[in-house]
Amino acid sequence: MMRSAALAALWVQVVGTFGLAAYALWRGNFSQEAWFSGIEAFLGGLVLAWWTVLLGRFTAGRVVPLTDGTLVSLRIAFPGLTSFRLVLWFLTLLGVLAGLAPEANTVALTALFTVWFAAILASNAVYGTLARLAPNPADLTGRRRLADWLNVAAALSLGMTVFNLVPIAGFSTLPTLTDQLVYGLSGGLDVLATLLALGAVQAAPWAEG
């Protein structure tokens, strides 16, 4: 039951992430910033799709060969996604340090960039841990590590959702009702899917061979 619920939520999230990419482009009038956001969301949807396929096999106790196409794709793609996200984070930080948001609260900005950076690293760890664990689903240490990272990722996703819904004065604009609905639902789904994935990992059987 937990496995089915987790996979269903994750596939809904995959579709929603691709939709978020299109929404970011439309909302930003296809500006440069909008393209960055759209590309990041599109890559995130691809990586999440491959990760979900592997999670389905892992939680069924199946061994994934090292030559499996989905596993190879995930191992190639997720470091690139993390690098792209870190570049966006760093460019935004440089802009703030250069004085593009002089009226914004320093404490709030520090909290935002800290949570954002931690969320990027946590998602990278979630992808990487499953990529290493999939060929050996009976590895109890790896399973505990994946569960721990999923727990951390869920908490950080909740934090990022709050920042998206409650903008920092002087740094980000007040979101429209549509923005609140889109990003609120997206963030809530991310938290829910991550927690369900955590439960599925904890209930996963031993490998059958």
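For the chain, the longest principal axis of the C-alpha atoms and the axis of helix 106-133 are separated by about 20°. Using R0 = 25 Å, the C-beta based FRET efficiency linking A98 and L185 works out to 0.15.
Each part gets one Cα centre, and for the range 108-122 versus the range 49-82 those centres are 26 Å apart.
At the listed q of 0.18, 0.19, 0.22, 0.32 Å⁻¹, the Debye profile of the range 73-124, built from one uniform point per Cα, gives log10 I(q)/I(0) equal to -0.62, -0.67, -0.81, -1.21. How much of the accessible area of the chain, in percent, comes from carbon and sulfur atoms when a 1.4 Å probe is used? For the chain, the apolar C and S fraction of the accessible surface comes to 68 percent. What do you get for the angle between helix 140-165 and the principal long axis of the chain? Use alpha-carbon atoms, 0 to 90 degrees, nearest ten. So the helix axis and the longest Cα principal axis differ by about 20 degrees. With the gyration tensor restricted to C-alpha atoms of the chain, the semi-axes of the equivalent ellipsoid amount to 32, 16, 16 Å, longest first.
Remark: the chain carries 52 Å² of accessible area per residue (probe radius 1.4 Å; ligands, DNA and RNA excluded). Along its principal axes, the range 1-76 has C-alpha extents of 45, 29, 10 angstrom, given from the largest down. Once both labels are positioned 7 Å from their Cα atoms along Cα-to-Cβ, the gap between V72 and A111 label points is 4.7 nm. Neighbours of L130, meaning other residues whose beta-carbon lies under 12 angstrom from its beta-carbon, give a summed charge of +4 when Lys and Arg score +1 and Asp and Glu score -1.
The values are calculated or read from the model by the stated rules, or taken from the named source; none is laboratory data. Please read these numbers as outputs of a predicted model, since none were measured by experiment. Counting neighbours? That spans all protein chains shown, and the Cβs are built from the backbone with ideal geometry, glycine included. Accessible surface is based on the protein model in full, side chains and every heavy atom, while ligands, DNA and RNA are left aside. Shrake-Rupley method; radii C 1.70, N 1.55, O 1.52, S 1.80 Å.
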